[in-house]
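Data block below; observations after.
The values are calculated or read from the model by the stated rules, or taken from the named source; none is laboratory data. These numbers come from a predicted model, not from an experiment. For neighbour counting, all protein chains shown are included, and Cβ atoms are generated from backbone atoms with ideal geometry for every residue, glycine included.
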Amino acid sequence: MSPRARLALLAAAGLALLPGAAATLGGLPAFGSRIAEYGARINALVPGERHVANMVSAINFDLRGLDTLGEEFMLLAAITGTVVLLRGRRGEGMTDRAMRRPGRAVRPQTEAVVLACRVAGVLTALFGLYVVLHATVTPGGGFQGGVILASATLLVYLGEGYVGWRDAVRSHWLDAMEGGGALLFALCGLVPMLVGAAFLQNVLPLGTFRDLFSGGLMLVENLGVALAVTGGFTQLFLEFMEETRAADGPEEPGEDSA
Amino acid sequence: MSALLAVLFLLTAASGTAVVLVRDPGRQIFAIAANGLVLTLLFTALQAPDVALSELAVGVAAVPLLFLVALMAVRAGRPEAGSGGDEA
């Protein structure tokens, strides 16, 4: 198709879609106006019904818990697909050095970088744990806290280098965390059925409003999500980092350990 | 709409445009991280702290890292160390 024909097709498609787009844009609520119905009802109902202060967590883990279960398995499938794709080409062998660009000097970390990473890594991990544990009280939750925890492991790479990172981050543990988290969430759906309740029904004691232990079953589901996201994202980082691993073969001359 | 929101919208537009206009992939990754940081501030200003936390963790840390590693793997995998600024 020539560029002119492509442009003509684009223009025709744009013209055809224009009325619908204009109608949709015209029907949007004005900027800053609140879509009050759902939010107001959630705000009125949830503190009494579920004893939870963070409405987003209440929706994610309880009112629309089934959606989150689906997202959980989407994440699992996506990470599994990435691992299969990347590891399939590379295999599971290990060498203890990273690939390096020819002609580019690799300097060891300075002591300042190592110190900063050790301090910041611990603080980041603590903050991630805080975000995970306070899911039902303050903004955040298993997903956000899990990604923060996963990015804390990256500071190991920055501070300790490739070999330290490979020593610290073990793939099998990540597999177990990821699968175990998803399993925990699925069990949160199935176990209530054993006691005669509905799938994902919140059967645990709800606790005290604005307390760390509030929300009942939400806390367990949140833990499952945190485990799965921490394991999944760290696994993703690990698999991508492994793409920079030096090949086992001797065909790359002039390398020594990183 | 407050002045803060107006400034943040302008910054969002500017940083988003920068991601497109920067042609060197290495710099583009940092442009996209800056864009994520601006979006985080915007979501915070719009009172969506949950979304802001997600954007901060995913858009500023995770995605740029994956891009950086992928870019490094592509460049290191090539036999000759070219300038590598054209493919993207």
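Worth a mention:
- Residue pairs meeting the criteria (Cβ under 6 Å; at least 6 apart or on separate chains; first under 20 Å from residue A:70 (Cβ atoms) and small (Gly, Ala, Ser), in the stretch A:197-224; second at pLDDT 85 or above and assigned to a helix (DSSP H, G or I)): A:224/A:181; A:224/A:184; A:224/A:185
- When residue A:115 is tested against (1) surrounded by 15 or more Cβ atoms within 10 Å (Cβ to Cβ); (2) among the hydrophobic types (A, V, I, L, M, F, W, C); (3) more than 26 Å from residue A:192 (Cα to Cα), only condition (1) is not met.
- Exclusive hit being within 14 Å of chain A (Cβ to nearest Cβ), in a helix (DSSP H, G or I), modelled with pLDDT of 90 or more and over 30 Å from residue A:152 (Cα atoms), set B:62, B:6, B:33, B:52: B:6
- Among the residues of the stretch A:24-54, the one identified as buried (at least 19 other Cβ atoms within 10 Å of the Cβ) and without any contact (Cβ under 8 Å) to a residue 60 or more places away in the chain is A:46.
- One residue alone among A:151, A:171 is polar (S, T, N, Q) and away from chain B (no Cβ under 13 Å), and that residue is A:171.
- Residues that are within 22 Å of residue B:40 (Cα to Cα) number at least 2 in the following helices (runs of 4 or more DSSP H) confined to the stretch A:101-203: A:111-133, A:142-168.
- Residues satisfying the stated conditions in the stretch A:33-63, i.e. under 17 Å from residue A:182 (Cα atoms) and either more than 14 Å from chain B (Cβ to nearest Cβ) or more than 19 Å from the chain's Cα centre (by Cα) (or both): A:62
- Within the stretch A:129-141, residues that are within 11 Å of another protein chain (Cβ to nearest Cβ) sit with their Cβ atoms under 7 Å from residues that are among the hydroxyl-bearing types (Ser, Thr, Tyr), at 6+ positions apart or across chains, in these pairs: A:135/A:57; A:141/A:57.
- Considered as a group, the residues in the stretch A:20-47 that are part of a helix (DSSP H, G or I) and among the polar types (S, T, N, Q) include one that is modelled with the highest pLDDT, and that residue is A:24.
Residue-by-condition table, conditions (1) closer than 15 Å to residue A:184 by Cα; (2) within 14 Å of another protein chain (Cβ to nearest Cβ); (3) surrounded by fewer than 22 Cβ atoms within 10 Å (Cβ to Cβ); (4) at pLDDT 85 or above:
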{"position": "A:202", "(1), (2), (3), (4)": "yes, no, no, yes"}
{"position": "A:213", "(1), (2), (3), (4)": "no, no, yes, yes"}
{"position": "A:234", "(1), (2), (3), (4)": "no, yes, no, yes"}
{"position": "A:240", "(1), (2), (3), (4)": "no, yes, yes, yes"}
{"position": "A:251", "(1), (2), (3), (4)": "no, yes, yes, no"}
{"position": "A:255", "(1), (2), (3), (4)": "no, yes, yes, no"}
